[in-house]
Amino acid sequence: MKYNKVVLAGGNGYLGKVLSNFYKPLAKKIIILSRKNQTANGNVETVLWDGCTEGEWKKSLNGADLLINLCGKNVNCRYTDKNKAEIINSRTVPTALLGVAIAAIENPPKLWINVTSATIYRHAEDRPQDEETGEIGYGFSIDVCKQWEETFFNTKTPLTRKIALRMGIVLGREDAAFPRLLNLVKYGLGGMQGDGQQYVSWVHEQDAAKCTEWLMNHDEINGVINCTAPEPVKNAQFMKIIRNVYGAPFGLPAPSWLLEIGAKVIGTETELILKSRWVLPKRLLDSGYNFLFTKAEHAVKDLL
């Protein structure tokens, strides 16, 4: 076992399961901070917390090699005032709380990774956005990311290195975006969305997990890191790749006006589909990280 302890705050969602499975053979103990109790599974155990008040759960951070914070309400909803408040608070409140807990314990985590979002960058069809030259966008989802990262970097943790991991669209078999896109393809609706020219900055679930270990082993890295594959693709190309790999002969496109109607019906926002996220992982590449999946076609073949 390489590591003593890995803590996943809010780790019972999809990405939490990916990370838990990745670290299971590598760590003596994995602790998931969760609102719901679950029976222990080998070296994976759940510790109850509510994400907003201090408690006994603080002790579980003591002596951890790595803390990954995954807390946040799903943004796949309509942006009503109530949902907006929940989206912001579900990210900033647990982040601030973890900062308070880390400051109070004797042997705090060596590294704290806050999983944030690559959607913080502006809509970009003209040039890629990296950590050094990328431009922050405007609008609600960007405001969420800004408040989230400000809360994170404002915590005082002198003994704990901090990384805000700006995650792209995670491609995985079990959940998140990929199964939903695959369903569209299965029912003949897997054409381009909008004009299809918007970029998709994706990352395979195995790279999403593996890069956290890379960051743990590179003490010189801190601050903001983009977690996206080095070869983003346009939406039209991405949907074509899924169709080709699945074996669907055609896919009906969905123009923007139709997406607006559909988004209202299923209770989501078109921004999640139509925003062009052209994000590059410059700092990961500069540090020597080798992606398992650089091409969308290879990632999709692996998942299927």
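Read-outs: derived from the displayed coordinates by stated rules, not from any lab. Predicted, not measured: the structure shown is a model, and the values here were computed from it. Don't worry about glycine lacking a Cβ; one is built from the backbone with ideal geometry, like all the others, and counts go over all protein chains shown.
Numbers at a glance
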| item | result |
| --- | --- |
| Modelled FRET efficiency - R0 22 Å, S287 with K146, Cβ distances, 0.05 increments | 0.30 |
| Volume per residue that the Cα convex hull of the chain spans, once the total is divided by residue count, Å³ | 132 Å³ |
| Charge tally in the Cβ shell below 11 Å around E45, where Lys, Arg are +1 and Asp, Glu are -1, E45 excluded | +2 |
| Rounded, prolate or oblate (a/c below 1.5 giving rounded, otherwise prolate when a/b exceeds b/c) for region 178-225 by Cα gyration tensor | oblate |
| Packing-based exposure ordering (other Cβ within 10 Å, fewest first) of W49, W214 | W214, W49 |
| Exposure proxy ranking, count of Cβ atoms within 10 Å, fewest first, for T133, T212, T157, T95 | T133, T157, T212, T95 |
| Residue-wise HN-Hα coupling along region 54-67, computed from phi with Karplus coefficients 6.51, -1.76, 1.60 (Hz; x: Gly, Pro) | 5, x, 4, 4, 3, 4, 5, 7, 5, x, 6, 6, 8, 10 |
| Neighbourhood net charge (15 Å Cβ-Cβ; Lys/Arg +1, Asp/Glu -1) for W148 | +2 |
| Overall form of region 80-166 per C-alpha gyration tensor (a/c, 1.5; a/b vs b/c) | oblate |
| S117, S90, S287 arranged by Cβ crowding within 10 Å, fewest neighbours leading | S287, S90, S117 |
| Backbone N under 18 Å from the N62 label point (7 Å along Cα→Cβ), restricted to region 97-124 | 98-111 |
| Positive minus negative residues near I241 (Lys, Arg vs Asp, Glu; Cβ under 10 Å) | +3 |
| Volume of the Cα convex hull of region 86-137, divided per residue and given in Å³ | 100 Å³ |
| Global geometry of region 117-266, whether rounded, prolate or oblate, following the gyration tensor of its Cα atoms and the 1.5 cut on a/c | prolate |
